[in-house]
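One structure is given below, encoded as structure tokens.
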Amino acid sequence: MAESMGGDVLGQVLHAVQGLSEQVKVLNSRMDRMEGRMETQHEWLQRLGLEFMGTRDEVKKLRLEVQQSREEVQQARKELGAEIQAGRKQLREQVQTDLHFELGAVRTEMMLGSRQMHDRIDRNNDALHLMVSGMQRHTAERFEPVEQRLKALEAR
């Protein structure tokens with residue numbers, strides 16, 4: 001009996017060991033697949049890490065380019081503002097110069113017109129004076145004989 005019990009126990013142990021061996025084989029197979037997946041995932045993570053690093057480097061590079069572009073735009077704004085100010089100043093000076101010359105020309109024309117008007121007034125005045133003096137002479141000559149006759153009549 002002991003032998004049969006020993007045989008049964010031994011059979012059970014052997015059967016249990018065989019079952020465990022099968023489970024170990026299955027687990028080993030699973031472990032191999034998981035290790036394979038882990039290696040694949042590790043490779044992917046490395047690639048992603050490299051891509052991430054590359055992307056991060058590109059982002060840094062782009063940020064630097066954006067910063068440089070901003071600085072260039074700022075500089076261009078300053079230069080354009082200075083050019084606009086210079087243009088305004090030049091335009092203001094040109095307008096003042098043009099107005100000065102135009103005012104001078106208008107003043108000259110006014111002086112010339114005034115002189116011409118005074119000359120006309122003087123000519124008209126002279127003509128009027130000549131006309132009045134001529135009228136006085138004709139009037140005096142006309143009334144002179146009448147005055148002489150009146151004086152002669154009074155003397156009588």
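The values are calculated or read from the model by the stated rules, or taken from the named source; none is laboratory data. Please read all numbers here as calculations on a predicted model, not as lab measurements. Quick note on the areas: whole protein, heavy atoms, side chains included, nothing else; ligands and nucleic acids left out. Shrake-Rupley method; radii C 1.70, N 1.55, O 1.52, S 1.80 Å.
Tabulated data
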{"item": "Among the residues listed as 21, 114, 29, the single one being modelled with pLDDT of 90 or more, on the phi < 0 side of the Ramachandran plot and either among the polar types (S, T, N, Q) or open to solvent by less than 100 Å² (accessible area, probe 1.4 Å) (or both)", "result": "114"}
{"item": "Residue check for residue 56: among the basic types (Lys, Arg), open to solvent by 80 Å² or more (accessible area, probe 1.4 Å) and at pLDDT 85 or above", "result": "no"}
{"item": "Some residue of the range 34-53 being of a type in the set (Val, Ile, Thr) and more than 35 Å from the chain's Cα centre (by Cα)", "result": "yes"}
{"item": "Which listed residue is open to solvent by 70 Å² or more (accessible area, probe 1.4 Å) and within 20 Å of the chain's Cα centre (by Cα), from 99, 80, 64", "result": "80"}
